[in-house]
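The values are calculated or read from the model by the stated rules, or taken from the named source; none is laboratory data. All figures in this text were calculated on a predicted structure; none of them were measured in a lab. Here the Cβ positions follow ideal geometry from the backbone for every residue, glycine too, while neighbour counts run over all protein chains shown.
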Amino acid sequence: MISKVLFLTAVGLSSLHSAKSQSTPSICDNSTLLIDSRRVLTTAQECTTVAGDIVIQYASDYPATMEFPNLESVDGSFLSINFDEDIRVTRLSAPKLTTVRADVYISRWVNLTTINMPVLTTINRVRLNNLPSLTSANFLSTLETIENNYEVTNTSLKEIKNDKLPFAVFVEIFDNKELEKLELTALTNASYNVALRRNKPGVEVSLPALKEVFFFEFQRISSLEIPELERAIGHFVVNDSTVETLEAPKLRDVGIWYDPSSSITNNRGLLIQNSGNLKSLSFPALEAVQLDLVIRNNSELEDISFPMLKRVTGNVGLEGTFESVRFPELDRVGGVFSLGNDEAGFNCADLQGFKNNGTIRGAFSCPQYQELPTRSGTKADSKKEIEDWLNWSSSGTGFESFRSTNAFVFAIFASTAIWFV
C-alpha cells in the first residue's frame, strides 16, 4: 500500500513538473508583445508561440545578440522600425521560427549584421530596409509562402537567392550597395511588380520560372535570365545597365491601356535605354506592345528586329547608330514613329513605307529623332484615345479579336479593377 502511494505521488510530481516546464509567460498571449527592455526580452525568450505581434523598441541594455530560442510561430507581425543608431544588437536570431502570420518588418537597425531564422517558411510579407550593415538573412532563402511583398532595401547583402517561392505580389530590391546576384528560381508569378533600382552596378538576375508579371523594371543589371516570361501586363523596362544580351524568347505581350488613375504607367510600354554594352536584342515571339516601344541610347546596338510584332498601341521611338531595323509583320502603330540614326547612309525607305500604307497612324520621322508626345492625364481623354484606337484598328484585317479584348480591358479599368489574363 505504501509503495502504491509513493508511486502515485511520484507520477503526480512528474506531471506537475512537465506542466510547469511547458507553461509560458502570460505576455506570450498579448495582442502586442512589446519588448522595450532587457528584462522584457528575457521573459519573451520563453515564448514558443506569440498570439499577436512582437514589437521591438529601442533599449540601451539589449545584448549584442537578441535571440528567441524557443519561438516557433507568431500569429501577428514580427517588427521593429524605430531603433536609434547606437543600438547594440548586431545579431537577431529565432532558430526555430517557422511561421509569421503577418509581416517580418525590420528597419533602421544600423549595426545589425545577421538575421538568423533558418527554418522560416511562411509569412505574409517581408520588409527589410535601412539595414546598412546587414550581410546575412538566411530566411530570404527558406521562404516558401508569401501572400504579399518581398522587399529588401538598403542592406549590404551580396546575394539574394530563393528556390522555393512561387509567388509574390511585389518583389522590390532597391539601394543594396553590395548586391551582386538575385536568383528567384521558383518565382512563377508576380502579380504587381519585379523591380531592381539603384543597387550596386552589375547585378546578375536569374528568374528562370517567371511567366507573368505586371510591372517589370530593371536598372544596373549585367545579365537577365527570363526564358519563360510570356507576359508583362504593365510595362517592361531595362535602363542604365551593362547587360550585353537581352533575350525574352517567349514574351508575347507587353503593356495595358494607359490608365490615368495609375501614374506608374507613365507612358511606358517596352523601354530599353541607356545601356551602352547592349549588343544583342531578341524578342522573337513579341506580338503586341500597348503604350510605347522605346529603344534609345544603347551605343553598341546595331540591329533591331521584332520578327512577330504586329501592333504598337502608342508610339515607337528608336534612337542610335543602327545598321538595320526590321518589323516584317508590323500592321498598326497607333501614335507616331520616330527614328533618329547617326549612321551615315541609313535607308529610311522601308520604314517610310509603313507611313505610306497607313500602318503608322501618327507622324513619321526618320532619320531625325522627334521627341514622343505625352499623353493627357484625364480619364475623358484616355477614354477617347482608347475608343479612337479601337475604331481605327478595327478597320484593319485581323484585328477584330484585338478590338474586343481591349474593349474588355477598358471596361475593367473603368471600374478601377486590375486586369489579369
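Would you confirm whether or not the stretch 177-189 contains a residue that is surrounded by fewer than 22 Cβ atoms within 10 Å (Cβ to Cβ), free of Cβ contacts under 8 Å to residues at least 24 places away in the same chain and under 14 Å from the mean Cα position of the chain (by Cα)? No, every residue in the stretch 177-189 fails to be surrounded by fewer than 22 Cβ atoms within 10 Å (Cβ to Cβ), free of Cβ contacts under 8 Å to residues at least 24 places away in the same chain and under 14 Å from the mean Cα position of the chain (by Cα). Within the stretch 69-80, the set of residues being touching an Asp or Glu at 6+ places or on another chain (Cβ under 8 Å) and either over 21 Å from Ser133 (Cα atoms) or surrounded by fewer than 16 Cβ atoms within 10 Å (Cβ to Cβ) (or both) comprises Asn70, Val74, Gly76, Ser77. Pairs linking a residue in the stretch 72-98 that is under 14 Å from Phe139 (Cα atoms) and among the β-branched types (Val, Ile, Thr) to a residue that is modelled with pLDDT of 95 or more and part of a loop (DSSP other than H, G, I, E, B), with Cβ atoms under 8 Å and 6 or more positions apart or on different chains, are Thr98/Glu72; Thr98/Val119; Thr98/Leu120; Thr98/Thr121.
Residues of the stretch 353-390 that are of a type in the set (Ser, Thr, Tyr), closer than 21 Å to Arg332 by Cβ, modelled with pLDDT of 75 or more and touching a Lys or Arg at 6+ places or on another chain (Cβ under 9 Å): Thr359 alone.
Applying the criterion of being in a loop (DSSP other than H, G, I, E, B), polar (S, T, N, Q) and touching a strand residue (DSSP E or B) at 6+ places or on another chain (Cβ under 8 Å) to the residues of the stretch 277-323, the residue that is surrounded by the fewest Cβ atoms within 10 Å (Cβ to Cβ) is Ser299.
Taken over the stretch 351-380, the residue count meeting the criterion of being in a helix (DSSP H, G or I), out of contact with any Ser or Thr (no Cβ under 8 Å at 6 or more places or on another chain) and touching a residue at least 12 places away in the same chain (Cβ under 8 Å) is 4.
Specify which of the listed residues (Arg252, Arg231, Arg198) is under 20 Å from Leu286 (Cα atoms), among the charged types (D, E, K, R) and surrounded by fewer than 16 Cβ atoms within 10 Å (Cβ to Cβ). Result of the check over Arg252, Arg231, Arg198: Arg252. Exactly one residue among Leu165, Leu210, Leu229 is under 21 Å from Ile106 (Cβ atoms) and either touching a residue at least 12 places away in the same chain (Cβ under 8 Å) or in contact with a helix residue (DSSP H, G or I) (Cβ under 6 Å, 6 or more places away or on another chain) (or both), and that residue is Leu165. Residues in the stretch 81-93 that are closer than 19 Å to Tyr150 by Cβ and buried (at least 17 other Cβ atoms within 10 Å of the Cβ): Leu92 only.
Of all residues in the stretch 255-276, those satisfying the criterion of being hydrophobic (A, V, I, L, M, F, W, C) and either part of a loop (DSSP other than H, G, I, E, B) or modelled with pLDDT of 95 or more (or both) are Ile256, Trp257, Leu270, Leu271, Ile272.
Considering only residues in the stretch 25-39 that are in contact with an Asp or Glu (Cβ under 8 Å, 6 or more places away or on another chain) and part of a strand (DSSP E or B), the one that is surrounded by the most Cβ atoms within 10 Å (Cβ to Cβ) turns out to be Leu33.
Out of curiosity, is Arg91 among the basic types (Lys, Arg), within 28 Å of the chain's Cα centre (by Cα) and closer than 24 Å to Asn154 by Cβ? So Arg91 passes the test.
Checked against (1) within 22 Å of Leu128 (Cβ to Cβ); (2) surrounded by fewer than 18 Cβ atoms within 10 Å (Cβ to Cβ); (3) of a type in the set (Asp, Glu), Glu244 passes all but a single condition, namely (1).
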